[in-house]
Structures are given as structure tokens and as C-alpha cells.
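The values are calculated or read from the model by the stated rules, or taken from the named source; none is laboratory data. This is a predicted model, so every value here is computed, not measured. Ideal geometry is used to build each Cβ from the backbone, glycine not excepted, and the neighbour counts take in all protein chains shown. Protein only, heavy atoms only, side chains kept; ligands, DNA and RNA dropped before computing areas. Shrake-Rupley method; radii C 1.70, N 1.55, O 1.52, S 1.80 Å.
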Amino acid sequence: MNGSNPVNYAQAPVLAATISTDAIAARTWQAAAARVLVDRIGNFVAFGAVVCVVWAAISYALHAPDYVLPTPTEVAAALVANGGLIAGATWLTLWCTVVGIAVSVCIAVGLALLFVLSPLADRTVTPLLIAIRSIPMIAITPLVVVLFGRDRWNTIGMVALLTFFQVMLAAKRGFDAPSQSMLELMRTCGASFWQTLLKVRVPSAVPFVFTGLRLAGSSAILCAMFAEWLSGSPGLGTLMLDAYSKQNLGLMWAAVAVSTTLAYLFFTLTIALERAVLDRSGT
Amino acid sequence: MQPSLSHPAARRTSRFTSRFASFFMPPALLIVAVLVLAEVCARAGVAARSFPAPSAVGIATWRDAHALFEETLSTLFVAIYGFIAATAISLTLAFVVYAVRRVETTVMTAAAVLSSIPIMAIMPMLLIWMGPFVSTRIAVTCLICVFPILVSAIQGVQAVGSRLDELFTVMAARPLQRFTRLALPVAVPYLFVGLRVAAPLSILGALVAEWSGASTGLGVLMLNAMFSLQIDRLWSTVCIACVISLGAYGYVCLIERLALPGDRVIEGASA
């Protein structure tokens, strides 16, 4: 695709480590994405089983009191007993994360378009964006709590803020990716600005946006839980804090296990999506 | 053309300064414009209460300068030691993966799952297990930093070419020799990609550790300001946190530029 490859842009080490090479060799894009999913979930289940066995061995051998380390059976019992509570909290966290990402993608792609229209705006804002991107957004959670209030808007705002800069820079790079000769060809054929945009720039930007989403999505769920934990809006983060302050440690560990699984699955999903989109667009 | 500009060196300097100005002027002007706008809005009373005048934030920072400086030092102390510990752990694991190729998937899966654990949830348990000491905060920082460094270190040691590998086999190098003389030098540019990502994360780790129970540090000031709704103080602590995160990033970039010849630096997105 015009010699510009989103995989090169994202020379983030995570990519090479997480997308196994044999997945790339798979024939169709659906198969490749499914392969990534199955591989990663399989690894997760195997690792989880080993952790459970070791954990059980340690907790039975030490006879530790449950405020130090509860046994896996206690945690499983708490998970079953509080199933509805945990499921509700998980749903809320997931909902806020997805809405936050959707909001930030809309704004980010819109702004990136604006930068295609106006090189001056591009030169003004892009250096600032690159600098801001390297600030860990979770560090400013207390400020966001004050700005957005203690409702679920706070969680959504936090997730949006976290993903915004990554997606925005990726989209901008994608819109700029078509080669000069490609754009000149469109101009020669008498295409309008909007035709060039729809037929050339947007298709080339899609894979970049998904790469940006993967980079940001890895920590989106954790960020949502952080926001809940600090602001007290309902969700998994608050559930964990409440369970700890009531010393209901079985519930707390169950919530930790669920949230770890959720974060891992979400990350896996973004990787598989990126894989599917990259393969589909032939890069 | 003026005579002073006709000299090649002078022309080069002027071109350099004009390029410098055209790169830095627009963002700088934007920042100044935003600050002035915020100041005017706050003075006129149209801004929301959570947006104080920049001058008020500046005054609050100046008034608390001494306390802020000390707490920031305490946060930096935790961040630096956590960062160093994370680097040491990553290099050790990279050595294991380099010596025993088969464990790579296991190590990577374990690291990915561990990095998915919400830190604020296990922070109370860490406090129970390790006690309310600085070492607990360093451990949390280390936990947050370790994933990007580990991934890049493993990617680096796997970038060794097969011919060099064979040469070391022919020379009967021991695993440790092979690692320090061959794999590490090859891995350094890759390692720096991870270090660049982890540097701001180390500040974040120290702050998070302070949020969940500590008596000193910038994070404590931040939370106190948030709970007592001292908006100027909150803004000044958040600004300082952002500045030291950027400083950490810039510092690692600087060391990278000094340590590596320019063509070995790997540019790329941060994770």
C-alpha cells in the first residue's frame, strides 16, 4: 500500500511479541485474527491454571489467614455468590470504556481531518500533541475527577483522554500516508478534495487508526478502573475498593481476577481487530 | 541582499534560526494564547470554578515551592529506584529467554497477564505483605515499568544475527559471555525503545503508590488538594507531575542520543 506500512509506524515492541509470525502466514484475514485470539486466550487459560495450582499449594501449605491470602476455593465461592454484583460492575466498566473510546475516536479523526485541511493548524498543534502523548494520562486523574465530577462521565472522559492522543496522531499519519504521485493522479483526473479524501486518504488511514487503537486500548480498561477507584463512580474499581474497606477479601480477589481477565481479553480483542484490519487492507 | 547574509556561514545560521523559529513559534504562540484566554476568562468570572486563572496557579506554586520541591524529590526517588529495578529484572529475564529459547511464550504470557492486573486493587495486599515502607512503593513502580522494558529487551536479544551466533558457538562462548558480549550490544537500541516508554510510567507508578497510602510525595499533595477542593494547588501538582514525566522522557532520549550513534536509534511510536 503505497510503500507505507502501518506496522513500520508502530515499531512498538509489543507488536512483534504479541502477533505471532505463524498468524501472519495464515491464509485469510479472518483466520489470522481468529488465530491470534485463540493463541492468546489459550496461553491465558494455561497460565491461569498454573497460577491457581501454585496459589492453592501456597495457601494450603502456609495456612495463611484470609486477610493475607485467601484460598482459591474461597475466591471461587465469593465469585459465585456475588455473580450478579460483579457482572453488573463489569458491564458498567466495559460500557464506559467502549463509550470513551468511541467518543475519542470521533473527535480524534475529526481533528486529524482538520489538520489535513489546514497545514498551519497542523504545525501549531502537532508538536504539542507529541509532547503530551508521552505524559501518562492516569497521573492527572485527580484533576479529571474535579473537572468531570464524580459520575460515570468522569470514567468516560478519562478513557477518552487516554486514547485521544494516540488515535489522533495515528489518524493524522494515515491521512498523510498516500504518496505524492497518488494525490497528483487524483488531481489530474479532476477529483475534488472530498473525492480524494474519501477514495484515497480515508482508506489509507483506517489501518493506522486501528494500530493507534491497539496502542491505546491496552490500558483503557485499567484506566477506567483507576478513574472509578479515585472518583467512586460505580464499576469494578469501586467494587474492589468497597470490598477491601468492608474486609470482604474473597469478593475483592474475585473482582481482581475478573478485572485482570477483562483487561487481558480487551487487549487481545484490540490486537485481533488490528490484525484483521491490517490483513484485510493488504498491508 | 545584505552583505552580512552573503557570507555562507551567516546564511546557514540565519536559515537554521528561521527553521527553528518556524518549528517552535506556532506551538509557543498557541500556549501563550491559551494561557491568556484562560486568564481573561477567569478574571471575567465566566470560567468554571475548576479552571483557575493561570496566574493563581503560578502564585500557589510559588507559595508552596519549598514543600512541592521536597515532595517531588521523594516521588522522584521512588520512581528512579523502581525504574532501575524494572530494568534489572527485565535484563535478567531477557538473559533467561536468550539462554533457554523455549520459555519465551511463558515469560511473555506471564508478563502480559501481570500487566493486566489493576495495580490499585493489589496495592492494599502489597501493603499487608511488604509493610508500609518505601520498598513497597518501589515495588509498585517496578511492576508498572517492567512490561514495556521486558518486551523490548526480549525483542532486542532476539535480533542477534545467526552468523554472529554461529561465530560465538565456534569460539565456545559460555552463555553469560554470549549474553554480555553479543546479545546485549545488539539489544541496546531496542532496549531504549522500552526505556523511553517506561520513563514517564515510572513517575506514574510512584504517584499511584502514593495515592494508595503513603505519607510523603507529590501524589499525596495531589490527593489532598483534590479532596479539599483546593483547585490551584491541584493544578500546580498536576502540572509538576506532567513536567517531571516529560523530563524523565527527555532525559532517557538524551542518554539514548549520547549512548548510541544516530543511525542505531530506533524511532517509533510509544506504547
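I'd like to know if the range B:51-60 contains one or more residues that are within 14 Å of another protein chain (Cβ to nearest Cβ) and under 30 Å from A:Ser245 (Cα atoms). Scanning the range B:51-60 turns up no residue that is within 14 Å of another protein chain (Cβ to nearest Cβ) and under 30 Å from A:Ser245 (Cα atoms).
Going through (1) more than 13 Å from chain B (Cβ to nearest Cβ); (2) within 18 Å of A:Gly212 (Cα to Cα); (3) more than 20 Å from the chain's Cα centre (by Cα); (4) not basic (Lys, Arg) one by one, A:Val99 falls short only on (3).
Restricting to the range A:59-86, name every residue that is within 14 Å of chain B (Cβ to nearest Cβ) and at pLDDT below 85. Within the range A:59-86, A:Ser59, A:Leu62, A:Ala64, A:Pro65, A:Asp66, A:Tyr67, A:Val68, A:Leu69, A:Pro70 qualify.
Considering A:Phe175, A:Phe193, A:Phe165, the condition of being touching a helix residue (DSSP H, G or I) at 6+ places or on another chain (Cβ under 8 Å) and over 27 Å from B:Ala248 (Cβ atoms) is satisfied by A:Phe175 alone. The set of residues from the range B:230-251 being of a type in the set (A, V, I, L, M, F, W, C) and more than 10 Å from chain A (Cβ to nearest Cβ) comprises just one member, B:Ile240.
Looking across the range B:194-203, the residues that are facing chain A (nearest Cβ under 7 Å) and open to solvent by less than 10 Å² (accessible area, probe 1.4 Å) come down to B:Gly194, B:Pro200, B:Ile203.
For the range A:137-151, the criterion of being touching an Asp or Glu at 6+ places or on another chain (Cβ under 8 Å) and within 30 Å of B:Gly217 (Cβ to Cβ) is met by none of the residues.
Counting only residues that are away from chain B (no Cβ under 12 Å) and surrounded by fewer than 16 Cβ atoms within 10 Å (Cβ to Cβ), which one in the range A:23-48 is modelled with the highest pLDDT? Ranking the qualifying residues of the range A:23-48, first place goes to A:Val38. Answer yes if at least one residue in the range B:210-220 is open to solvent by 30 Å² or more (accessible area, probe 1.4 Å), modelled with pLDDT of 90 or more and either more than 11 Å from every other protein chain (Cβ to nearest Cβ) or out of contact with any Lys or Arg (no Cβ under 9 Å at 6 or more places or on another chain) (or both), and no otherwise. The answer is no, given that none of the residues of the range B:210-220 is open to solvent by 30 Å² or more (accessible area, probe 1.4 Å), modelled with pLDDT of 90 or more and either more than 11 Å from every other protein chain (Cβ to nearest Cβ) or out of contact with any Lys or Arg (no Cβ under 9 Å at 6 or more places or on another chain) (or both).
The number of residues in the range A:117-137 being charged (D, E, K, R), within 19 Å of B:Leu29 (Cα to Cα) and open to solvent by 40 Å² or more (accessible area, probe 1.4 Å) comes to 1. Taking the criterion of being under 26 Å from B:Ile144 (Cα atoms) and touching a Cys at 6+ places or on another chain (Cβ under 6 Å), would at least one residue in the range A:211-224 satisfy it? Yes - at least one qualifying residue is present in the range A:211-224. Within the range A:178-226, being away from every other protein chain (no Cβ under 14 Å), open to solvent by less than 20 Å² (accessible area, probe 1.4 Å) and small (Gly, Ala, Ser) holds for A:Ser204, A:Ala205.
Exactly one residue out of A:Leu113, A:Leu129 is within 12 Å of chain B (Cβ to nearest Cβ), among the aliphatic types (A, V, I, L, M), assigned to a helix (DSSP H, G or I) and farther than 23 Å from A:Ser231 by Cα, and it is A:Leu129. Summed over the range A:103-116, the residues that are open to solvent by 50 Å² or more (accessible area, probe 1.4 Å) and within 29 Å of A:Thr238 (Cα to Cα) give a count of 3.
Checking each residue in the range A:151-176 for being within 15 Å of A:Ala112 (Cβ to Cβ) and either among the charged types (D, E, K, R) or modelled with pLDDT under 85 (or both) picks out A:Lys172, A:Arg173, A:Asp176. Listed conditions (1) closer than 29 Å to A:Ala224 by Cβ; (2) open to solvent by less than 10 Å² (accessible area, probe 1.4 Å); (3) among the small types (Gly, Ala, Ser) are all met by B:Ala110, apart from (2).
B:Ala10 passes every criterion in (1) small (Gly, Ala, Ser); (2) modelled with pLDDT of 85 or more; (3) touching a Ser or Thr at 6+ places or on another chain (Cβ under 9 Å) apart from (2). What do you reckon, is A:Gly232 open to solvent by 20 Å² or more (accessible area, probe 1.4 Å) and modelled with pLDDT under 85? It is true that A:Gly232 is open to solvent by 20 Å² or more (accessible area, probe 1.4 Å) and modelled with pLDDT under 85.
The sole residue among B:Val57, B:Val78, B:Val107 that is of a type in the set (A, V, I, L, M) and free of Cβ contacts under 8 Å to residues at least 60 places away in the same chain is B:Val107. Summed over the range A:236-280, the residues that are more than 8 Å from chain B (Cβ to nearest Cβ), open to solvent by less than 10 Å² (accessible area, probe 1.4 Å) and either over 20 Å from B:Ser212 (Cβ atoms) or not in a helix (DSSP H, G or I) (or both) give a count of 5. The residue that is farthest from the chain's Cα centre (by Cα), counting only those in the range A:137-170 that are among the β-branched types (Val, Ile, Thr) and within 9 Å of chain B (Cβ to nearest Cβ), is A:Val146.
On the stretch given as the range B:113-147, residues that are open to solvent by 10 Å² or more (accessible area, probe 1.4 Å), more than 7 Å from chain A (Cβ to nearest Cβ) and farther than 17 Å from A:Tyr67 by Cα total 14.
Against the test of being surrounded by fewer than 22 Cβ atoms within 10 Å (Cβ to Cβ), facing chain A (nearest Cβ under 10 Å) and either in contact with a Phe, Trp or Tyr (Cβ under 9 Å, 6 or more places away or on another chain) or not β-branched (Val, Ile, Thr) (or both), the options B:Phe227, B:Phe179 yield a single qualifying residue, B:Phe227.
Conditions tested, residue by residue: (1) open to solvent by less than 30 Å² (accessible area, probe 1.4 Å); (2) assigned to a helix (DSSP H, G or I); (3) within 24 Å of A:Ala224 (Cα to Cα).
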| position | (1), (2), (3) |
| --- | --- |
| A:Val54 | no, yes, no |
| A:Tyr67 | no, no, no |
| A:Val75 | yes, yes, yes |
| A:Ala78 | yes, yes, yes |
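Annotation note: Cβ proximity below 6 Å between a residue of the range A:86-109 that is over 19 Å from A:Ala170 (Cα atoms) and a residue that is among the hydroxyl-bearing types (Ser, Thr, Tyr) and open to solvent by less than 50 Å² (accessible area, probe 1.4 Å) (sequence gap 6+ or interchain) occurs for A:Cys96/A:Thr155. All of (1) modelled with pLDDT under 90; (2) touching a Lys or Arg at 6+ places or on another chain (Cβ under 7 Å); (3) not β-branched (Val, Ile, Thr) hold for A:Ala56 with one exception: (2).
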